[in-house]
Amino acid sequence: RKRVAVLISGRGSNMEALIAACADPAFPAGIVSVISNRADAKGLERAQAAGLSTTVIDHKAFAGREPFEAALSAHIEAVGADIICLAGFMRLLTAGFVTRWQDRMINIHPSLIPAFRGLHTHERVIEAGVRVHGCTVHFVRAEMDDGPIIVQAALPVRPDDTADSLGARVLTREHQIYPLALRLLAEGKVRVEGNRAIIDAAADDITLIN
Ligand code: GAR
């Protein structure tokens, strides 16, 4: 099984979806470490409750991004991780760190990238009046919420949606596509060609629309 480090900053519901998937012995990956940059992240308790090893690496304890990321990399290497999953990890990573983990680090973002990168996606979707929204798992590149797309799920925006109601439906899809994307990557079914990720799997396996 591939060894996975999960990086969080908060609630950790996507981490929990990954924990649930990895609990199946047939799943091709297992979580070896959960790392938070915030000591108060709720997800830490959830990870501990699942019996996982957790570590806090507080960015505020370092003089800048580079020493913070050096500590992060040292820990991730010490636990022997093959893959990094960013799961609501809300720190930008420098090009140096991203390059070091190139094509071995994935992220989940609550929009159909390249639309609506950044924060408050559900509010901005409603504000913009778009009819279709969703979520994306992608390889991490130095640009925020950007990189080759592995899996997306799309869903309709309803006329009576609020940011909360829409966000709740998107989150349900996030919890489906993140384990799916990790499985494909861990099985060696994803390769990167330029800006695209090519998936060796049935098309309906990687595009959820509903
Ligand atoms: C999720 O909706 C995730 O997609 C988003 O933060 C939330 C974390 O929730 N990530 C980003 O916005 C990254 N740009 P969780 O801690 O319950 O998984």
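The values are calculated or read from the model by the stated rules, or taken from the named source; none is laboratory data. This one's a predicted model, so the numbers in the text were calculated from it and none came from an experiment. Counting neighbours? That spans all protein chains shown, and the Cβs are built from the backbone with ideal geometry, glycine included.
Here are some conditions: (1) touching a Gly at 6+ places or on another chain (Cβ under 8 Å); (2) surrounded by 20 or more Cβ atoms within 10 Å (Cβ to Cβ). PHE89 meets all but one. Which one does it not meet?
Status for PHE89: all satisfied but (1).
Give the residue that is surrounded by the fewest Cβ atoms within 10 Å (Cβ to Cβ), with candidates limited to residues of region 92-119 that are within 13 Å of the ligand (Cβ to nearest atom) and on the phi > 0 side of the Ramachandran plot.
So the residue we want is GLY118.
For region 23-51, name all the residues that are touching a Ser or Thr at 6+ places or on another chain (Cβ under 8 Å), within 15 Å of the ligand (Cβ to nearest atom) and not in a strand (DSSP E or B).
ASN37, ARG38, ALA41, GLY43, LEU44, ALA47, listed by residue number.
So is ARG191 away from the ligand (no atom under 16 Å from the Cβ), under 30 Å from ARG65 (Cα atoms) and out of contact with any Pro (no Cβ under 9 Å at 6 or more places or on another chain) or not?
When the stated conditions are applied, ARG191 passes them.
Against the definition (in contact with a helix residue (DSSP H, G or I) (Cβ under 7 Å, 6 or more places away or on another chain), modelled with pLDDT of 95 or more, farther than 25 Å from GLY30 by Cβ and surrounded by 14 or more Cβ atoms within 10 Å (Cβ to Cβ)), how does ILE126 come out, yes or no?
Taking the combined requirement at face value, the residue satisfies it.
Checking the conditions here, which among ALA5, ALA17, ALA70 is in a helix (DSSP H, G or I) and surrounded by 21 or more Cβ atoms within 10 Å (Cβ to Cβ)?
Just one listed residue meets the conditions, ALA17.
Here are some residues: GLU77, GLU69, GLU16. Which one is closer than 15 Å to LEU182 by Cα and of a type in the set (D, E, K, R)?
None of the others qualify; the one that does is GLU16.
Residues of region 67-126 being among the aromatic types (Phe, Trp, Tyr) and in contact (Cβ under 8 Å) with a residue 60 or more places away in the chain, which ones?
Hit for region 67-126 is PHE89, nothing else.
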